[in-house]
1. Which residues, counting only those in region 65-86, are over 11 Å from the mean Cα position of the chain (by Cα), surrounded by 13 or more Cβ atoms within 10 Å (Cβ to Cβ) and more than 20 Å from Asp14 (Cα to Cα)?
2. For residues that are among the polar types (S, T, N, Q) and in a helix (DSSP H, G or I), scanning just region 41-63, find the one that is surrounded by the most Cβ atoms within 10 Å (Cβ to Cβ).
3. Here's a check for you: in region 1-36, which residue that is in a helix (DSSP H, G or I) and over 23 Å from the mean Cα position of the chain (by Cα) is surrounded by the fewest Cβ atoms within 10 Å (Cβ to Cβ)?
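What follows is calculated from the coordinates using simple rules that are stated; it is not laboratory data. A quick note: this is a predicted structure, and the numbers were derived from the prediction, not measured. Quick reminder, even Gly has a Cβ in these numbers, built from the backbone with ideal geometry, and neighbours come from all protein chains shown.
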Amino acid sequence: MAYHEPAEELSAIDRDYSRILESLKEEIEAVNWYHQRLASTKDETVRKIVEHNRNEEMEHAAMLLEWLRRNMPGWDEALRTYLFTEELITDIEEAIVSEEGNKSTGDLKIRNLKGGE
């Protein structure tokens, strides 16, 4: 595995983070490849096999994300903020940025993402 920093300067958990993050990239890349094959095949049998393979890679990616959520600081908060929400993703981000600005100016009002106070 290639590191951007000297491996001996990374702790065991940091090396595990790197392993998981690299694996996540690989699984998402595989989802993309299988999806392209699925989208372009005309053969129904090939379609079923490739769709199964794509879905397996999605499952693997989800497992890796869950490991990150449980183990690497920052992931739990980020995933809870954006996943399984109904609001526009950009609206969620704008609300966070606005809230951070209000905290720095002393305004600690809690705002509902749907526009209420």
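1. Residue satisfying the conditions is Thr81 alone.
2. Step one: of region 41-63, the residues among the polar types (S, T, N, Q) are 41, 45, 53, 55.
Checking which are in a helix (DSSP H, G or I) leaves us with 45, 53, 55.
On the way: Thr45: 8, Asn53: 17, Asn55: 13.
Per the criteria, the residue is Asn53.
3. Across region 1-36, the extreme among qualifying residues is Glu8.
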